[in-house]
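Before any comments, here is the structure.
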Amino acid sequence: MLKGQRRPGNGFDLSEAPSHLIRRCQQFYGDLYAREAGGKELTKQQYILLCALEQNDGVSQTALVEITGIDRSTLAEMVRRMLDKGLLSRERTEEDQRANAVAISPSGRKALRTARNAADRAERALLEALPLPERQKFLKALSQIAQAAEQLNGDGARNGRRNIRRRKIGS
């Protein structure tokens, strides 16, 4: 029987369910990141958003949804809060006046550098649970699963990474 499958009598062992184990690993990383960041840094989702913007500065919020996998309403609220904190800037795109291009502010870049150190420590701690020879195999397997998800979603993240000309709001 394949791990994670139903057992006779309709039983299901969570300790063998890949979806549950991935979720538990994500929770473990979240705990490690929170411990390393000490509550003073960015949340892990804010960190992910800034990392995405570092590679795609000035993209639309719609593209950020595709790149990060953060749902539209959560991302919009995150952007609003991060704008209030001075971590981001936002301008209307020239191509579509309804769309916003989001960029990292200098304060956001500083916060990203600091949070990156906490994230690096948390990722090292996460992988310490595995024997050294297994770490690369684990990362490769995760990458294969993530690539399958991108293919299932029609490679939306790649389609959203186009250069968009920006202009200041109110111009």
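The values are calculated or read from the model by the stated rules, or taken from the named source; none is laboratory data. Here the structure is a predicted model, which is why all the values come from computation and not from measurement. Heads up, the Cβs are rebuilt from the backbone with ideal geometry, glycines too, and the neighbour counts pull from every protein chain shown. The accessibility values were calculated without ligands, DNA or RNA, using every heavy atom of the protein model including side chains. Shrake-Rupley method; radii C 1.70, N 1.55, O 1.52, S 1.80 Å.
For the stretch 46-57, does any single residue satisfy the condition of being farther than 21 Å from Ala118 by Cβ and modelled with pLDDT under 90?
Among the residues of the stretch 46-57, at least one is farther than 21 Å from Ala118 by Cβ and modelled with pLDDT under 90, which makes the answer yes.
Filtering the stretch 1-24 to residues that are open to solvent by less than 60 Å² (accessible area, probe 1.4 Å) and at pLDDT 65 or above leaves Gly11, Asp13, Glu16, Ala17, His20. For the stretch 32-113, the helices (runs of 4 or more DSSP H) that sit wholly inside it and include 1 or more residues that are farther than 24 Å from Arg124 by Cα and open to solvent by less than 30 Å² (accessible area, probe 1.4 Å) are 61-68, 72-84.
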